[in-house]
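Student: Dropping a structure here in structure tokens format, bear with me for questions.
The values are calculated or read from the model by the stated rules, or taken from the named source; none is laboratory data. These numbers come from a predicted model, not from an experiment. Here Cβ is always computed from backbone atoms with ideal geometry, including for glycine, and neighbour counts include all displayed protein chains.
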Amino acid sequence: MPKDKVVSLEVAMEKIHDGISILIPGFVNVGVPETLIQGIIAKGSKDLEIISNNTSVKGRGIGLLVHENRIKHITCSHIGSNTETVEKVINGELSVTFVPQGTLCERVRAGGAGIGGILTPVGIGTPIAEGKPVVEVDGKEYLLEKPIRANVALIHAWKADKMGNVVYRRTARNFNQVFATAADWVIVEAEHIVEVGELDPDEIMTPGALVDAVVQA
Amino acid sequence: MPKDKVVSLEVAMEKIHDGISILIPGFVNVGVPETLIQGIIAKGSKDLEIISNNTSVKGRGIGLLVHENRIKHITCSHIGSNTETVEKVINGELSVTFVPQGTLCERVRAGGAGIGGILTPVGIGTPIAEGKPVVEVDGKEYLLEKPIRANVALIHAWKADKMGNVVYRRTARNFNQVFATAADWVIVEAEHIVEVGELDPDEIMTPGALVDAVVQA
Amino acid sequence: MAEIKGRDLIAYRTARFFNDGDLVNLGIGMPTKCLDYLPEDVDVWIDTENGAIGLAGAPGEGEEIDYDVCDAAGSPSKLRPGACCFDSFTSFGYIRGGHVDITVLGAYEVDQEGNLANWMVPGKTAAGMGGAMDLVAGAKKVIVMTEHCDKKGNPKILKKCKLPLTAAHEVDVIVSELCVLERTEEGLVLKELAPGVTVEEVVSKTDAELIIPEKIGSMI
Amino acid sequence: MAEIKGRDLIAYRTARFFNDGDLVNLGIGMPTKCLDYLPEDVDVWIDTENGAIGLAGAPGEGEEIDYDVCDAAGSPSKLRPGACCFDSFTSFGYIRGGHVDITVLGAYEVDQEGNLANWMVPGKTAAGMGGAMDLVAGAKKVIVMTEHCDKKGNPKILKKCKLPLTAAHEVDVIVSELCVLERTEEGLVLKELAPGVTVEEVVSKTDAELIIPEKIGSMI
């Protein structure tokens, strides 16, 4: 890994191509990489496969990608916080696959951790179970849920050092930590970019070894 | 949960009964709950089912339980750092099941996180695979590894507040964080016990909600 | 106390299932109302699935807002001393692993087998299940708060849910403005009635079969 | 350079597989020797499976020892600026997830199919596999450092391992004091020879079938 991964937003966007899959963290609109999403909007990228928990709120964050019809398909757990997304889904303008929030975390973590699948009790007896293998372990039934990875992950950090060691803050951490493990290319936007060595080894939540580029948020 | 979980070593040992299963973290002898192990030695508990990564070194930590023949069976990944354990295993005095270190982590985490099993590529084609289901996902074979839980977990913390919020330090964190999730009763020994509110919400690595008792290390 | 009714009564009674020190997850909407009716000697810890234990309500007027701290609705919240934050993957590990004592949710439908439907009305809503499926499958105790009938007066407590399920066989307790129902091996038991409500009224407004014990308590 | 031989040569050559900035996990024993032979323009980050990236070697005489920081042998180590620590579960997630560029291990036996045996000799050793199985299955590139023959002169590079395997079909490169072998779809290719070593010597000391290309490089 290079010692200094700090690049401009424009350079970071070189890895965003039409049609790629992108992991975008955030819960409602907290911890969403809004600077990087603005970069995608400006670049004009489209037909994106988005994996996220939700779609922010109308007019913000992932909501911008929805508004501008840049998304071909979205995998998420909830869209209720964005009325525009709900409308587009009901009108058939946006294709969505719902995944329970905890299962979404497990699947992305499996993708980033070389796990071929996990067995979860969540969704047994519900529509989520349709078409999925059911595996019995010690007399209890579980759904086999498969890993998720993406081409790119966009991460929102509170602090990052120049080599990409990341610290998240409070509930803005949410999906950022696990999404940063499961993409071929990981771009971090950080509110504060600091020198290597300024972060305590125990406060770092995502190692720089997982990060490819750092952008000022 | 009670607001103050700080108890004496003797009171903490009330939950240690002969024959129970105990998760004991530590890598070689770093991050091992040595105070709590001394408590077990003093109490005289025996026939214990231990789940740990290794057995410390001769005469220290888990090595004391080995030396005093308190262990009925041990599940671990490595005993090479303790010559006495190796001798006892080779002589048939101690029963051991070896589990790859990463698989050990996955299994205990599954136990603590309500996951019925995980699919890992680790161990395919090796003796570890014997007797375990092989599950194919998208053309690749994985071993189905089952969850591990225990009656009690003994945890070594750097800092803990009185309600059991825990901070680990450096590589002494190792198995402590995941082992604290997978037992019916979790006892923490802490080098420093502080008041509730003194720890920053982002530095806490194990929530007090998972912890039942706190002892001065 | 006598004047507590409707949603307030549901919240009041639900809050009396909480034990001091419990870790409780409250769904968006009506469940958060429980906090207004906590008994004085009961202090619960609020888990929020987006990654914290120890939420302390919305910042009051004049208080500084920390936009990095939000509740399960995405609204700014405070943290109490002793609170901690963690990532979503870890959060759902705690939830599915049974570390949350009580989860409280609303319902579109709930039935006598403990099935719950609260995330989807085909052709009408498309909000998604969020964390509800994990919470209902994982929490030690699942309490459903619901008005006894829908706006048209149709029963919401059914023999069998018709809507897509959130989880099967997981509901432990149902609290409505009329009564408290407990799920047992034998079926739904009418445990308590609201003041002035009769067994006959509950039965007439319930589709599910109810077990009526000789002794029935009062919700207040 | 000409005087480098034996284990030093193995370490010298292995270190030349490292690219600047690589995340490298070094097994206990001989693999750690690679750090003595790093090229000047190559700076690698050392991963230790017990939970850190950025180990910086043992504290020197007079330096303060931090007993909370240890390497994969359990020995005190230093951390360099930019280092970070994490728990074992997370650590093996990084390892199995392919985030470690190179893992270097020793071998009891290694074979032409890329199988490795380095954790158990039935009836003789009972150390356990530790993290080796995960590392070999997970790292992007697996390099085995080994003396070409055992102490009795028997080949360690075999057609087929006889000892219990650590992992199947995962070894990419074998470095011995005689040669460098690379595993390809077609089989083990003799890529480089140590100074003064002939193809015939390697073949005579190897049980595995080797592919001998027209052009063979030098280890130094």
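Student: Within the range A:130-146, can one find any residue that is buried (at least 22 other Cβ atoms within 10 Å of the Cβ) and either outside any strand (DSSP E or B) or β-branched (Val, Ile, Thr) (or both)?
Tutor: No; the residues of the range A:130-146 include none that is buried (at least 22 other Cβ atoms within 10 Å of the Cβ) and either outside any strand (DSSP E or B) or β-branched (Val, Ile, Thr) (or both).
Student: Right, next: Only strands (runs of 3 or more DSSP E) wholly contained in the range C:8-108 count here; list those with 1 or more residues that are closer than 19 Å to B:Pro207 by Cα and acidic (Asp, Glu). Explain how you work it out, then say what you get.
Tutor: Details: elements: C:23-26, C:45-48, C:52-55, C:79-85, C:102-105.
By residue number, C:45-48.
Student: Here is a follow-up. Being under 13 Å from the mean Cα position of the chain (by Cα) and either touching a residue at least 60 places away in the same chain (Cβ under 8 Å) or part of a loop (DSSP other than H, G, I, E, B) (or both) is the filter here; which residues of the range B:30-54 pass it?
Tutor: Correct list: B:Val30, B:Gly31, B:Val32, B:Pro33, B:Glu34, B:Leu36, B:Ile37, B:Glu49, B:Ile51, B:Ser52, B:Asn53, B:Asn54.
Student: Out of curiosity, is C:Glu61 under 23 Å from C:Leu38 (Cα atoms) and of a type outside the set (A, V, I, L, M)?
Tutor: Details: under 23 Å from C:Leu38 (Cα atoms): yes; of a type outside the set (A, V, I, L, M): yes.
Taking the combined requirement at face value, the residue satisfies it.
Student: Does A:Arg70 fit the bill of being among the basic types (Lys, Arg) and under 18 Å from A:Phe27 (Cα atoms)? Full working, then the answer.
Tutor: On the way: among the basic types (Lys, Arg): yes; under 18 Å from A:Phe27 (Cα atoms): no.
Here the answer is no, as A:Arg70 does not meet what is asked.
Student: If you go through the range B:50-72 one residue at a time, how many are under 25 Å from B:Arg109 (Cβ atoms) and among the aliphatic types (A, V, I, L, M)?
Tutor: Here is the first cut: in the range B:50-72, the ones under 25 Å from B:Arg109 (Cβ atoms) are B:50-56, B:61-62, B:65, B:71-72.
Right, trim to among the aliphatic types (A, V, I, L, M) and you get B:50-51, B:62, B:65, B:71.
Selection size over the range B:50-72: 5.
Student: Which of the following residues is more than 18 Å from C:Val44 (Cα to Cα) and at pLDDT below 95: C:Ala132, C:Ala127? If you could, list the steps in order and put the result at the bottom.
Tutor: Working: C:Ala132 fails: at pLDDT below 95.
None of the other options fit; the residue is C:Ala127.
Student: Checking B:Ile24 against (1) among the hydrophobic types (A, V, I, L, M, F, W, C); (2) at pLDDT below 95; (3) crowded, with 21+ Cβ neighbours inside 10 Å, which test does it fail?
Tutor: (2)
Student: Please indicate, with yes or no, whether at least one residue in the range A:172-187 is in contact (Cβ under 8 Å) with a residue 12 or more places away in the chain, facing chain D (nearest Cβ under 9 Å) and more than 30 Å from B:Tyr142 (Cα to Cα). Spell out how you get there, then give the answer.
Tutor: Narrowing the range A:172-187 to residues in contact (Cβ under 8 Å) with a residue 12 or more places away in the chain: A:172-187.
Filter once more, keeping what is facing chain D (nearest Cβ under 9 Å): A:181-182.
From the residues that got through so far, the ones that are more than 30 Å from B:Tyr142 (Cα to Cα) too are none.
Among the residues of the range A:172-187, not one is in contact (Cβ under 8 Å) with a residue 12 or more places away in the chain, facing chain D (nearest Cβ under 9 Å) and more than 30 Å from B:Tyr142 (Cα to Cα), which makes the answer no.
Student: With the requirement that a residue be of a type in the set (Lys, Arg) and under 16 Å from C:Ala208 (Cβ atoms), what does the range C:135-180 give you?
Tutor: So in the range C:135-180, the residues of a type in the set (Lys, Arg) come out as C:140-141, C:151-152, C:156, C:159-160, C:162.
C:Lys156, C:Lys159, C:Lys160, C:Lys162, listed by residue number.
Student: Specify which of the listed residues (A:Val108, A:Val178) is assigned to a helix (DSSP H, G or I), touching a Cys at 6+ places or on another chain (Cβ under 9 Å) and closer than 18 Å to A:Ser21 by Cα. Spell out the reasoning first.
Tutor: On the way: A:Val108 fails: touching a Cys at 6+ places or on another chain (Cβ under 9 Å).
Selected residue: A:Val178, the only one of A:Val108, A:Val178 that is assigned to a helix (DSSP H, G or I), touching a Cys at 6+ places or on another chain (Cβ under 9 Å) and closer than 18 Å to A:Ser21 by Cα.
Student: Okay, next question. If only one of B:Pro100, B:Pro127, B:Pro121 is under 30 Å from A:Leu143 (Cα atoms), facing chain D (nearest Cβ under 9 Å) and surrounded by fewer than 18 Cβ atoms within 10 Å (Cβ to Cβ), which one is it?
Tutor: Going through B:Pro100, B:Pro127, B:Pro121 in turn, the sole match is B:Pro127.
Student: If you don't mind, another one. Residues to consider are B:Val152, B:Val215; find the one that is assigned to a strand (DSSP E or B) and either under 15 Å from the mean Cα position of the chain (by Cα) or within 27 Å of A:Ile115 (Cβ to Cβ) (or both). Can you show your working first?
Tutor: Working: B:Val215 fails: either under 15 Å from the mean Cα position of the chain (by Cα) or within 27 Å of A:Ile115 (Cβ to Cβ) (or both).
Every option except B:Val152 fails the conditions.
Student: Taking D:Val69, is it of a type outside the set (Ser, Thr, Tyr), more than 8 Å from chain B (Cβ to nearest Cβ) and touching a strand residue (DSSP E or B) at 6+ places or on another chain (Cβ under 8 Å)? I'd like the intermediate steps shown before the answer.
Tutor: On the way: of a type outside the set (Ser, Thr, Tyr): yes; more than 8 Å from chain B (Cβ to nearest Cβ): no; touching a strand residue (DSSP E or B) at 6+ places or on another chain (Cβ under 8 Å): yes.
Here the answer is no, as D:Val69 does not meet what is asked.
Student: If you don't mind, another one. If we scan the range D:58-65, do we find a residue that is free of Cβ contacts under 8 Å to residues at least 60 places away in the same chain and either surrounded by 24 or more Cβ atoms within 10 Å (Cβ to Cβ) or within 28 Å of B:Ile118 (Cα to Cα) (or both)? Please lay out each step first, then the result.
Tutor: Applying the first criterion (free of Cβ contacts under 8 Å to residues at least 60 places away in the same chain) to the range D:58-65 yields D:58-65.
Checking which are either surrounded by 24 or more Cβ atoms within 10 Å (Cβ to Cβ) or within 28 Å of B:Ile118 (Cα to Cα) (or both) leaves us with none.
No, every residue in the range D:58-65 fails to be free of Cβ contacts under 8 Å to residues at least 60 places away in the same chain and either surrounded by 24 or more Cβ atoms within 10 Å (Cβ to Cβ) or within 28 Å of B:Ile118 (Cα to Cα) (or both).
Student: Is it true that D:Asp43 is within 14 Å of D:Gly131 (Cα to Cα) and charged (D, E, K, R)?
Tutor: Details: within 14 Å of D:Gly131 (Cα to Cα): no; charged (D, E, K, R): yes.
No, not satisfied.
Student: With respect to B:Thr75, determine if the residue is assigned to a loop (DSSP other than H, G, I, E, B), under 16 Å from the mean Cα position of the chain (by Cα) and hydroxyl-bearing (Ser, Thr, Tyr). Lay out the reasoning, then the answer.
Tutor: On the way: assigned to a loop (DSSP other than H, G, I, E, B): no; under 16 Å from the mean Cα position of the chain (by Cα): yes; hydroxyl-bearing (Ser, Thr, Tyr): yes.
For B:Thr75, the condition - assigned to a loop (DSSP other than H, G, I, E, B), under 16 Å from the mean Cα position of the chain (by Cα) and hydroxyl-bearing (Ser, Thr, Tyr) - is not met.
Student: Here's a follow-up. Taking C:Gly138 and the conditions (1) crowded, with 16+ Cβ neighbours inside 10 Å; (2) within 14 Å of chain A (Cβ to nearest Cβ); (3) in contact with a strand residue (DSSP E or B) (Cβ under 7 Å, 6 or more places away or on another chain); (4) not aliphatic (A, V, I, L, M), which numbered condition does it fall short on, given that it satisfies the others?
Tutor: Tallying (1) crowded, with 16+ Cβ neighbours inside 10 Å; (2) within 14 Å of chain A (Cβ to nearest Cβ); (3) in contact with a strand residue (DSSP E or B) (Cβ under 7 Å, 6 or more places away or on another chain); (4) not aliphatic (A, V, I, L, M), C:Gly138 fails exactly one: (3).
Student: Separate question: Look at the range C:148-186 and say how many of its residues are of a type in the set (D, E, K, R), within 22 Å of C:Leu9 (Cα to Cα) and without any contact (Cβ under 8 Å) to a residue 12 or more places away in the chain. Full working, then the answer.
Tutor: Residues of the range C:148-186 of a type in the set (D, E, K, R): C:150-152, C:156, C:159-160, C:162, C:170, C:172, C:177, C:182-183, C:185-186.
With the extra rule that they be within 22 Å of C:Leu9 (Cα to Cα), the set shrinks to C:150-152, C:156, C:172, C:177, C:182-183.
Next, only the ones that are without any contact (Cβ under 8 Å) to a residue 12 or more places away in the chain stay: C:150-152, C:182.
Adding up the residues that qualify gives 4.
Student: Which of the residues that make up the range C:172-212 are touching a Gly at 6+ places or on another chain (Cβ under 7 Å) and assigned to a strand (DSSP E or B)? Give the steps one after another, and end with the answer.
Tutor: Applying the first criterion (touching a Gly at 6+ places or on another chain (Cβ under 7 Å)) to the range C:172-212 yields C:177, C:183, C:191-192, C:209, C:211.
Residues satisfying the conditions are C:Arg183, C:Lys191, C:Glu192, C:Ile211.
Student: Filter the range B:64-77 down to residues that are surrounded by fewer than 24 Cβ atoms within 10 Å (Cβ to Cβ) and within 12 Å of chain D (Cβ to nearest Cβ), then give me how many there are.
Tutor: 2
Student: Which one of these does C:Gly128 not meet: (1) at the interface with chain A (Cβ under 8 Å from one of its Cβ atoms); (2) under 26 Å from C:Arg183 (Cα atoms)?
Tutor: Here C:Gly128 meets the rest and fails (2).
Student: In addition: Out of (1) within 21 Å of C:Met30 (Cα to Cα); (2) over 14 Å from the mean Cα position of the chain (by Cα), the odd one out for C:Leu190 is which?
Tutor: That leaves (1) as the condition not met.
Student: Contact list please: Cβ distance under 6 Å, first residue in the range C:31-53 and more than 14 Å from every other protein chain (Cβ to nearest Cβ), second residue at pLDDT 95 or above and not in a strand (DSSP E or B), pairs at least six apart or on different chains.
Tutor: Cβ pairs passing all conditions: C:Lys33/C:Ala11; C:Cys34/C:Ala11; C:Cys34/C:Thr14; C:Cys34/C:Ala15; C:Tyr37/C:Ala11; C:Tyr37/C:Tyr12; C:Tyr37/C:Ala15; C:Leu38/C:Ala15.
Student: Can you tell me which of (1) surrounded by 23 or more Cβ atoms within 10 Å (Cβ to Cβ); (2) at the interface with another protein chain (Cβ under 7 Å from one of its Cβ atoms); (3) not hydroxyl-bearing (Ser, Thr, Tyr) is the one B:Val196 doesn't meet?
Tutor: Condition (1) is where B:Val196 drops out.
Student: For the range A:199-217, what are the residues that are of a type in the set (Gly, Ala, Ser) and either in contact with a helix residue (DSSP H, G or I) (Cβ under 6 Å, 6 or more places away or on another chain) or more than 10 Å from every other protein chain (Cβ to nearest Cβ) (or both)? Explain how you work it out, then say what you get.
Tutor: In the first step, residues of the range A:199-217 are kept if they are of a type in the set (Gly, Ala, Ser); the result is A:208-209, A:213, A:217.
Selection gives A:Ala213, A:Ala217.
Student: Could you list, in sequence order, all residues of the range A:164-189 that are under 16 Å from A:Val7 (Cβ atoms) and surrounded by fewer than 24 Cβ atoms within 10 Å (Cβ to Cβ)?
Tutor: A:Trp185
Student: For the range B:45-63, what are the residues that are of a type in the set (S, T, N, Q) and crowded, with 23+ Cβ neighbours inside 10 Å? Outline the logic, then answer.
Tutor: Kept after step one, since they are of a type in the set (S, T, N, Q), are these residues of the range B:45-63: B:45, B:52-56.
Answer for the range B:45-63, where residues must be of a type in the set (S, T, N, Q) and crowded, with 23+ Cβ neighbours inside 10 Å: B:Ser52, B:Asn53, B:Asn54, B:Thr55, B:Ser56.
Student: When you look at A:Glu106, is it in contact (Cβ under 8 Å) with a residue 24 or more places away in the chain, acidic (Asp, Glu), crowded, with 23+ Cβ neighbours inside 10 Å and within 11 Å of chain C (Cβ to nearest Cβ), yes or no? Spell out how you get there, then give the answer.
Tutor: Values: in contact (Cβ under 8 Å) with a residue 24 or more places away in the chain: yes; acidic (Asp, Glu): yes; crowded, with 23+ Cβ neighbours inside 10 Å: yes; within 11 Å of chain C (Cβ to nearest Cβ): yes.
In short, yes.
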